[in-house]
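Q: Sharing a structure below in structure tokens format, with a few things to ask.
The values are calculated or read from the model by the stated rules, or taken from the named source; none is laboratory data. Every value quoted in this text rests on a predicted model; they were computed, and no experiment measured them. Every residue, glycine among them, receives a Cβ derived from its backbone with ideal geometry; neighbour counts consider all protein chains shown. Each accessible area value is taken on the protein alone, full model and side chains, heavy atoms only, with ligands, DNA and RNA left out. Shrake-Rupley method; radii C 1.70, N 1.55, O 1.52, S 1.80 Å.
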Amino acid sequence: MELNVLKIDGSESGKKVVLDEKVFGITPNDHAIYLDVVQYLANQRQGTSKTKDRSEIAYSTKKLGRQKGGGGARHGSLKANIFVGGGRVFGPKPRTYDSKLNKKVKQLARFSALSYKALENAITVVEPFTMEAPKTKDLLHIVEALKAGKRKVLIVLPENSYNIFLSSRNLPEVKVITVNEISTYAIMNANSLVMVDGVQDILASRVNC
């Protein structure tokens, strides 16, 4: 797949790049994408939910009434779960939701997501650029000039650029990441993908790695 490299004002720079078919032209594997997205979302969970069981409630352990003859159930403590303020039965405890996924499956999922974006003609390649200072308005003008769309734009940089990242923080529909941070979820969650020239070569170098 061949794409024109654009300038930040939206005009053509005269350069063309060829996207590696092993990264952007494979037959997408939906199940691999599903597994990778599920793992990513699971790993974002904190797992800090916690409730107290009856052994942790600070109530008196005095028996409420006699064992028999009271005309009701045989209660031994206010800590029982049926009382207001009592302990919870089978409540959540701190745990980890982290899961592991085979490296090759993750790579297949990521390349499948990139191939979907290529099939949808949702990939734009822009020549390398910098920003002298964080300026949200300037970055918004760049996104509009590239005609990347008004919904969920993912900008992928070959290396970290602090000013570009800061400029995107007030744009809810624009996310800036480096190529090392790219994930299947980030790709599939975006409507369009803007890659700075050079990112495609880094991704191609990771085939079979």
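Q: When region 107-116 is examined, which residues are found to be out of contact with any Ser or Thr (no Cβ under 7 Å at 6 or more places or on another chain) and open to solvent by 10 Å² or more (accessible area, probe 1.4 Å)?
A: GLN107, LEU108, PHE111, TYR116
Q: Identify the residue in region 1-24 that is out of contact with any helix residue (DSSP H, G or I) (no Cβ under 6 Å at 6 or more places or on another chain) and part of a loop (DSSP other than H, G, I, E, B) and, among all such residues, is most open to solvent (accessible area, probe 1.4 Å).
A: So, considering only residues that are out of contact with any helix residue (DSSP H, G or I) (no Cβ under 6 Å at 6 or more places or on another chain) and part of a loop (DSSP other than H, G, I, E, B), the one most open to solvent (accessible area, probe 1.4 Å) is LYS7.
Q: Consider only pairs whose beta carbons are under 7 Å apart and that are at least six residues apart or on different chains; among these, list those whose first residue lies in region 154-168 and is assigned to a helix (DSSP H, G or I) and whose second residue is open to solvent by less than 10 Å² (accessible area, probe 1.4 Å) and of a type in the set (Lys, Arg).
A: Close Cβ pairs (under 7 Å, with a partner that is open to solvent by less than 10 Å² (accessible area, probe 1.4 Å) and of a type in the set (Lys, Arg)) do not exist here.
Q: Filter region 186-208 down to the residues that are touching a helix residue (DSSP H, G or I) at 6+ places or on another chain (Cβ under 8 Å) and more than 19 Å from GLY149 (Cβ to Cβ), then identify the one that is surrounded by the most Cβ atoms within 10 Å (Cβ to Cβ).
A: GLN200
Q: Give the number of residues within region 170-209 that are in a loop (DSSP other than H, G, I, E, B), free of Cβ contacts under 8 Å to residues at least 24 places away in the same chain and more than 18 Å from PHE111 (Cβ to Cβ).
A: Within region 170-209, residues that are in a loop (DSSP other than H, G, I, E, B), free of Cβ contacts under 8 Å to residues at least 24 places away in the same chain and more than 18 Å from PHE111 (Cβ to Cβ) number 2.
Q: Right, here's the next one. Can you name the number of the only condition in (1) open to solvent by 40 Å² or more (accessible area, probe 1.4 Å); (2) under 26 Å from ALA186 (Cβ atoms); (3) assigned to a loop (DSSP other than H, G, I, E, B); (4) not small (Gly, Ala, Ser) that LYS52 fails?
A: The single condition LYS52 does not satisfy is (2).
Q: Given the conditions (1) farther than 18 Å from LYS7 by Cα; (2) surrounded by fewer than 16 Cβ atoms within 10 Å (Cβ to Cβ), report the number of the one that PRO134 does not fulfil.
A: In the conditions (1) farther than 18 Å from LYS7 by Cα; (2) surrounded by fewer than 16 Cβ atoms within 10 Å (Cβ to Cβ), PRO134 misses (2) alone.
Q: Let me ask another. Residue pairs, Cβ under 7 Å, 6 or more apart or interchain, first in region 60-80 and in a loop (DSSP other than H, G, I, E, B), second among the aliphatic types (A, V, I, L, M) and open to solvent by less than 60 Å² (accessible area, probe 1.4 Å). List them.
A: These pairs meet every condition: LYS79/ILE57.
Q: For the subset of region 25-49 comprising residues that are in a loop (DSSP other than H, G, I, E, B) and in contact with a Phe, Trp or Tyr (Cβ under 6 Å, 6 or more places away or on another chain), which member is nearest to GLY91 (Cα to Cα)?
A: Step one: filter region 25-49 for residues in a loop (DSSP other than H, G, I, E, B), giving 25-29, 44-49.
Right, trim to in contact with a Phe, Trp or Tyr (Cβ under 6 Å, 6 or more places away or on another chain) and you get 26, 28, 45, 47.
Values: ILE26: 45, PRO28: 40, ARG45: 17, GLY47: 13 Å.
Among those that are in a loop (DSSP other than H, G, I, E, B) and in contact with a Phe, Trp or Tyr (Cβ under 6 Å, 6 or more places away or on another chain), it is GLY47.
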